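The values are calculated or read from the model by the stated rules, or taken from the named source; none is laboratory data. Given the structure is predicted, the values throughout are model-derived calculations rather than measurements. Every residue, glycine as well, gets a Cβ built from its backbone with ideal geometry; the counts of neighbours run over all protein chains shown. Quick note on the areas: whole protein, heavy atoms, side chains included, nothing else; ligands and nucleic acids left out. Shrake-Rupley method; radii C 1.70, N 1.55, O 1.52, S 1.80 Å.
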Amino acid sequence: MSLRILSAFLTLAFSATLSRADWVETKGPEGGYAQALLADGNRIYAGVSNGGVYRSSDEGATWTGSDTVLSTLSVQALAINGPDLYAGTDRDGIFRSGDNGATWERADDGSTALGNVLSLAFSGGYLFAGTATKGIFRSSDGGATWTSASSGLDRLGIYRLVASGKNLFAGTESGVFRSRDNGLNWIDANDTATDTPVYSMAVSGNKVYAGTYKGLFRSADSGATWIKITEEPMNPMTTALAARGNDLYAGTYNGLFRSSDEGESWSVAVSGSVESSVQALAIGVNGVFASAYNGILRVPLAGGSWSMVNTGLLRAVVRTMAGSGGTLFAATSGKIFRTTDRGDAWAESGKGLPGSYIFSLLEKNGALFAGTGGDGVFRSLDQGATWSRMNKGLRDDAFIWSLAAGGSDIYAGTSGEGLFRTSDQGASWFPVADGLKWYAVSGVYAHDDFVYAGTTSGPYRSSDKGATWARLESRGWDPPSVETFLAHGKFLFGASGNGIFRSTDNGTSWVRVKTLNSYGQPSSLVADGSMVYAPSWDGVYSSSDDGGSWTRINEGLNRLSIRCMAVVGDDLFAAPENSGVWRRPVGETLRAFPRSSPFPSAHGGTGFVAGGGGVLRPGQAIGFTISTLSWVDLSVYDAKGGKRATLAKGVKSPGAYTAILEKGLPGGMYFLRLQTDGMIRTRKAVFEAVP
């Protein structure tokens with residue numbers, strides 16, 4: 001048996017630039033967590049967590065993201081002054097745009113001395129910034145320089161700033177404060193009602209409104225006295241306020257409420273689902289805009305039903321993912337989306353879901369299961385188009401952390417009530433054992449004859465479908481809780497807060513994979529072929545040797561804190577924090593293997609050629625050149641990333657070398673990878689078996 005290389009690249013020298021398939025952002029799911037909203041005529045601006053500023057020029061019908069200057073930053077405050085738009089970030093400074101948010105530049109000197117900016121306001125020719133821990137600052141030159149303006153404040157946590165005439169009001173950790181001299185001095189503007197943290201404020205005419213966890217208050221005398229204007233069924237925690245004339249909108253944890261008489265009476269504008277937890281508000285020309293965890297809502301000013309307006313907003317918070325055939329499902333805060341074309345198009349897939357958070361997804365025999373935060377388990381038999389509650393044996397308010405399939409059974413890990421099992425596709429559930437009854441089961445996994453449960457007190461194992469349990473070793477696990485398990489080859493992997501652990505005896509003993517011991521707690525481990533992938537707080541890690549060594553494969557990612565991952569078809573999908581879903585071809589992940597290089601040095605002119613006019617047979621030579629002293633690895637990998645042959649390995653002096661492929665390989669697609677210090681060159685090669 002001999003081999004023929006059909007691709008002609010082997011007769012050419014490698015170029016200096018590696019052609020590589022990096023991570024690319026898919027086109028959804030749409031949505032995102034806007035921490036700040038600002039309306040300027042028909043233009044609406046949204047400051048997004050880890051996504052910069054999105055802007056809409058058609059009252060929310062479509063959204064466009066920031067340029068690269070702001071695109072990965074968390075924007076928590078917005079303000080406008082004439083042609084200039086300002087954005088305050090979480091520890092990354094103040095930014096300014098002079099073209100309606102299309103492009104941005106730093107307004108400050110980049111020192112980030114302000115820290116976490118929670119609010120911005122203009123008053124008396126000054127720009128004011130309220131910070132989380134450093135008080136209030138003001139600038140007279142458009143944010144280029146700042147001076148402290150906190151005299152008189154008794155706490156330095158500033159949640160909101162609003163201006164009314166010559167009065168500037170600050171909602172602080174200890175209530176409302178007022179300045180009448182452009183922030184030089186502040187006086188306490190509380191009475192006993194508002195002497196509490198103030199999280200939201202608004203002004204309209206001579207009325208000032210303050211939102212606290214005790215309710216909503218109004219003052220008509222510049223804060224000298226306050227009256228409570230919250231009524232049932234409003235949640236007393238008022239998180240966002242917006243006012244225009246006599247109209248007042250209040251965002252709470254249980255909905256958006258509207259008043260047309262300055263808060264004397266209220267009606268419900270949005271309520272009844274996760275969307276009702278309102279974080280920010282802005283009043284546009286024809287509608288009021290509200291930020292919820294799933295995105296942005298629009299409520300017509302003239303009345304009527306609300307609608308989600310997320311088109312173009314690609315910063316959804318994806319909590320978990322699952323694959324079924326060629327379909328990828330992604331769960332956000334109360335919604336499930338699906339794509340059948342690698343993320344180029346997404347469709348909402350959640351009729352019948354209650355709107356609560358979804359923490360776990362599982363596909364088994366064509367059925368899709370969703371574990372919710374407070375509404376138990378839901379099942380879909382039509383690829384997510386419709387859903388039914390499947391809680392017989394569970395509490396209807398059960399919190400389902402984890403789901404796993406083992407044989408004909410499905411296991412559900414709950415928060416504080418242990419582990420449950422169903423043998424009839426969720427029609428009925430039963431507690432598996434009293435031994436785990438009071439535990440929060442954050443991870444559950446079934447493999448071969450064992451079921452594994454990750455709890456707050458460490459990992460457990462059962463060999464009888466959960467009837468009895470044995471507590472496993474958890475030395476070195478800190479904290480001992482386990483979110484995910486994965487069996488791969490002869491190893492069992494488990495992930496805890498201080499990294500990834502590996503076992504060769506079904507979990508009886510564990511060894512920590514030390515190269516990942518400080519990367520946070522992965523919420524999902526996935527494998528494909530010979531590759532294992534782990535999400536972390538600093539990107540995606542891959543291992544081709546069952547966890548013996550790891551390397552980051554972050555090329556192209558704009559956000560490195562990864563919540564979850566999944567493999568569907570030929571693609572690896574990752575969900576960065578507040579950044580939707582990204583993908584990368586599985587076959588390309590072999591390009592970024594770890595290297596242990598004893599001689600770090602620069603390279604140039606490295607070449608790689610094959611003899612025989614492009615035809616390679618066992619015993620035939622592959623030539624390569626090295627320009628400087630370097631560690632070298634020349635290997636053949638299959639399409640799944642498995643190493644099939646090592647042709648050369650070790651430290652090489654500058655010069656020309658010859659490597660021999662001494663064994664045959666099955667016909668198919670392969671990759672030849674030449675790795676040196678600081679450089680990896682990989683090309684596809686189609687090997688065809690010939691007589």
Does segment 473-484 contain at least one residue that is at positive phi and at pLDDT 80 or above?
no
Filter segment 280-305 for residues that are in a loop (DSSP other than H, G, I, E, B) and at pLDDT below 90; the one that is surrounded by the most Cβ atoms within 10 Å (Cβ to Cβ) is Asn294
Taking the condition of being assigned to a loop (DSSP other than H, G, I, E, B), touching a residue at least 24 places away in the same chain (Cβ under 8 Å) and either in contact with a Phe, Trp or Tyr (Cβ under 7 Å, 6 or more places away or on another chain) or buried (at least 23 other Cβ atoms within 10 Å of the Cβ) (or both), how many residues in segment 54-73 meet it?
7
Considering each of Gly384, Gly355 in turn, give the residue that is touching a residue at least 60 places away in the same chain (Cβ under 8 Å), open to solvent by less than 20 Å² (accessible area, probe 1.4 Å) and not in a strand (DSSP E or B).
Gly355
Tell me which residues, restricted to segment 330-343, are of a type in the set (Val, Ile, Thr) and open to solvent by less than 30 Å² (accessible area, probe 1.4 Å).
Thr332, Ile336, Thr339
Please enumerate the residues belonging to segment 645-664 that are open to solvent by less than 70 Å² (accessible area, probe 1.4 Å), of a type in the set (A, V, I, L, M, F, W, C) and modelled with pLDDT under 70.
Leu661
So, in segment 521-554, exactly how many residues are touching a Phe, Trp or Tyr at 6+ places or on another chain (Cβ under 9 Å), within 23 Å of Phe359 (Cα to Cα) and open to solvent by 30 Å² or more (accessible area, probe 1.4 Å)?
4
Being outside any loop (DSSP other than H, G, I, E, B), surrounded by fewer than 22 Cβ atoms within 10 Å (Cβ to Cβ) and among the basic types (Lys, Arg) is the filter here, so list the residues in segment 306-329 that pass it.
none
With the requirement that a residue be of a type in the set (D, E, K, R) and farther than 19 Å from Gly47 by Cβ, what does segment 107-147 give you?
Asp109, Lys134, Arg138, Asp141
Name the one entry in Tyr209, Tyr199, Tyr249 that is in a strand (DSSP E or B), in contact with a strand residue (DSSP E or B) (Cβ under 8 Å, 6 or more places away or on another chain) and more than 15 Å from Ala170 (Cα to Cα).
Tyr249
Looking at segment 74-86, which of the residues that are in contact (Cβ under 8 Å) with a residue 12 or more places away in the chain and in a loop (DSSP other than H, G, I, E, B) is most open to solvent (accessible area, probe 1.4 Å)?
Pro83
It is to be established whether one or more residues within segment 182-192 are closer than 28 Å to Asp109 by Cβ, among the hydrophobic types (A, V, I, L, M, F, W, C) and touching a residue at least 12 places away in the same chain (Cβ under 8 Å).
yes
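Residue-by-condition table, conditions (1) within 12 Å of the chain's Cα centre (by Cα); (2) at pLDDT 50 or above; (3) open to solvent by 10 Å² or more (accessible area, probe 1.4 Å):
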| site | (1), (2), (3) |
| --- | --- |
| Cys564 | yes, yes, no |
| Ala574 | yes, yes, no |
| Trp582 | yes, yes, yes |
| Pro600 | no, no, yes |
| Gly604 | no, no, yes |
Which condition breaks for Trp346 when tested against (1) in contact with a Gly (Cβ under 7 Å, 6 or more places away or on another chain); (2) within 21 Å of Phe369 (Cβ to Cβ); (3) surrounded by fewer than 20 Cβ atoms within 10 Å (Cβ to Cβ)?
(3)
Out of curiosity, is Gly612 at pLDDT 80 or above and either surrounded by fewer than 22 Cβ atoms within 10 Å (Cβ to Cβ) or over 25 Å from the mean Cα position of the chain (by Cα) (or both)?
no
Take the residues in segment 252-265 that are within 30 Å of the chain's Cα centre (by Cα) and open to solvent by 30 Å² or more (accessible area, probe 1.4 Å); name whichever of them is nearest to Gly175 (Cα to Cα).
Tyr253
Hey, can you tell me all the residues within segment 421-432 that are within 15 Å of Tyr452 (Cβ to Cβ) and open to solvent by less than 50 Å² (accessible area, probe 1.4 Å)?
Val432
Please verify whether segment 206-228 includes one or more residues that are within 31 Å of the chain's Cα centre (by Cα), open to solvent by 30 Å² or more (accessible area, probe 1.4 Å) and at pLDDT 90 or above.
no
Answer yes or no: is there a residue in segment 124-131 that is in contact with a strand residue (DSSP E or B) (Cβ under 6 Å, 6 or more places away or on another chain) and either outside any strand (DSSP E or B) or touching a residue at least 60 places away in the same chain (Cβ under 8 Å) (or both).
no
Quick check on segment 169-188. Is at least one of its residues under 24 Å from Ser277 (Cβ atoms), modelled with pLDDT of 90 or more and acidic (Asp, Glu)?
yes
Cβ-Cβ below 6 Å, separation at least six or inter-chain, first residue in segment 447-470 and under 17 Å from Phe420 (Cα atoms), second open to solvent by 50 Å² or more (accessible area, probe 1.4 Å) and small (Gly, Ala, Ser): which pairs?
Phe450/Ser463; Trp469/Gly435
Can you pull out the residues in segment 387-420 that are under 22 Å from Asp449 (Cα atoms), surrounded by fewer than 22 Cβ atoms within 10 Å (Cβ to Cβ) and of a type outside the set (A, V, I, L, M, F, W, C)?
Gly406, Gly407, Ser408, Asp409
Members of segment 361-381 that are part of a loop (DSSP other than H, G, I, E, B) and surrounded by 23 or more Cβ atoms within 10 Å (Cβ to Cβ)
Asp375, Gly376
Options Asp108, Asp92: the member that is open to solvent by 30 Å² or more (accessible area, probe 1.4 Å) and modelled with pLDDT under 90:
Asp92
Kindly indicate the residue of segment 266-279 that is open to solvent by less than 30 Å² (accessible area, probe 1.4 Å) and assigned to a strand (DSSP E or B) and also modelled with the lowest pLDDT among those meeting that condition.
Val270
Quick check, is Gly507 in a loop (DSSP other than H, G, I, E, B), open to solvent by less than 20 Å² (accessible area, probe 1.4 Å) and modelled with pLDDT under 85?
no
Determine whether Thr89 is among the hydroxyl-bearing types (Ser, Thr, Tyr), in contact (Cβ under 8 Å) with a residue 60 or more places away in the chain and either over 20 Å from Ala202 (Cβ atoms) or part of a loop (DSSP other than H, G, I, E, B) (or both).
no
Of the residues Tyr445, Tyr439, Tyr460, only one is assigned to a loop (DSSP other than H, G, I, E, B), over 23 Å from the mean Cα position of the chain (by Cα) and among the hydroxyl-bearing types (Ser, Thr, Tyr); which?
Tyr439
